[in-house]
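So the structure is just underneath, and the comments pick up after that.
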Amino acid sequence: MPVHLDPRLLRGFVTVAEELHFTRAAVRLHVAQQALSRDVRRLERELGAELFVRTTRQVTLTPDGERLLPYARRVLRAQDDLLAAFGQARPLLVDLNSPGLVTPRRVLHEARELAPRHELMARYESGLTGAAGELLAGRLDASFGRFAGLEPALRAGLDHQPVRFEPMAVVLPEDHRLAACEAVPLAELAGESVYAGAGNPRTPEWTGLARLLFEGRGIDIAPPAPLAVGEEEFQRIMARTRNPILAVVGFPALPSTVVRPLVDPVPLSPVSLVWRKGLTHPAFDALRRAAARLTGTEGWLSRPAGSWIPAVDDVLMLSHR
């Protein structure tokens, strides 16, 4: 048995064990696949054990690989903690989707207060589906959004923590017929085409939620608009189409628009904190504790009377509470 084990070899092993795919693991680690394969073979030689069964179609863990995995994770977690103690931990990269979303921003700010010695950096991937690929590749650490709206293949490599049932709203041109309402009953949107990100490959989970909400209510999803990059371009496109925009309460109004909550029923957007399975980082625990604290103190998982949420989301959120 070896006297010393290079942590790099263990990190490569853990990443392959999580992905069960050498190419995806190499992308996460930002190394060549051949180099990763060499590292895994070297670890197997040093331990005198076969860790993976490799075929042309799949990669699976052997019993020795299953036995090693929890030990390897503990070693890597200890290494991350040691580096963090001396100010050398890498930043935790947290996707907030959009600068206008209140919930992710509040969780991040709370986490920064809980872990002042660590760097938690905001990123903006504009949609959980868009962020999921970055999470699985290791280029992001955490994101927020509707976990049930992800494809099963994406969910398989991710985990989540329910954070909030967020009341939904609609953004209207200030001269729209419903702009004077303090709250907009869903029935009043019948005959309207409401923009919900249709055609945006980064946000199908949001479009899917809108489709479930609008079904049977005579509300259409607005056709795809040009994919706008940046707030100014988004404002320009929306001003030209003049479609109401499906949003959440607290979303900042754009110029010449108003934000109105939706009622009768109150539709809820299920928000989870989402991360790659097996993630280890000294600041990640602070992020989860921040989310749990706000969820509890703000009552974010309480459902108001007369609310609406898809059954699939309700089950998934309740099963993780």
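A compact table of results
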| item | result |
| --- | --- |
| Dipole of the chain, positive direction: furthest Cα of 49, 250, 26, with charges on the beta-carbon | 49 |
| Packing rank of 8-16, 296-304, 149-157, where each peptide gets the mean count of other beta carbons within 10 Å, highest leading | 8-16, 149-157, 296-304 |
| Sum of -39500 (n - 2.57) over DSSP H runs of 4+, divided by residues of the chain (222 nm, nearest 500) | -12500 deg cm²/dmol |
| Counted charge near residue 225, where neighbours are those whose Cβ lies closer than 13 Å (Asp, Glu -1; Lys, Arg +1) | +2 |
| Amide H partners (placed H, <5 Å) of residue 247, local residues excluded | 169, 170, 171 |
| Length-normalised contact order of region 1-153 in % [C-alpha pairs under 8 Å, at least 6 apart] | 21 percent |
| DSSP-defined antiparallel bridges as percent of all bridges, the chain, nearest 5 | 70 percent |
| Volume per residue that the Cα convex hull of region 1-152 spans, once the total is divided by residue count, Å³ | 134 Å³ |
| Dipole of the chain, positive end: most advanced residue of 142, 317, 187 [Cβ charges, Cα centre] | 142 |
| Vicinal HN-Hα couplings computed from phi for region 20-27 (Karplus, 6.51 cos²θ - 1.76 cosθ + 1.60; Hz; Gly/Pro x) | 6, 6, 5, 5, 5, 5, 5, 4 |
| Residue 319/residue 41 FRET efficiency (R0 41 Å; Cβ-Cβ; nearest 0.05) | 0.55 |
| Computed E for residue 4/residue 311 - FRET, C-beta separation, R0 41 angstrom, nearest 0.05 | 0.15 |
| Packing-based ranking, highest mean first, of 161-168, 72-79 given that Cβ atoms within 10 Å are counted | 161-168, 72-79 |
| Within the accessible area of region 195-321 (1.4 Å probe), percent carbon and sulfur | 55 percent |
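The values are calculated or read from the model by the stated rules, or taken from the named source; none is laboratory data. Given the structure is predicted, the values throughout are model-derived calculations rather than measurements. Positions of Cβ are generated from backbone atoms using ideal geometry, with glycine treated the same way; all protein chains shown enter the neighbour counts. Please note that ligands, DNA and RNA were not included when accessible areas were found on the heavy atoms of the full protein model with its side chains. Shrake-Rupley method; radii C 1.70, N 1.55, O 1.52, S 1.80 Å.
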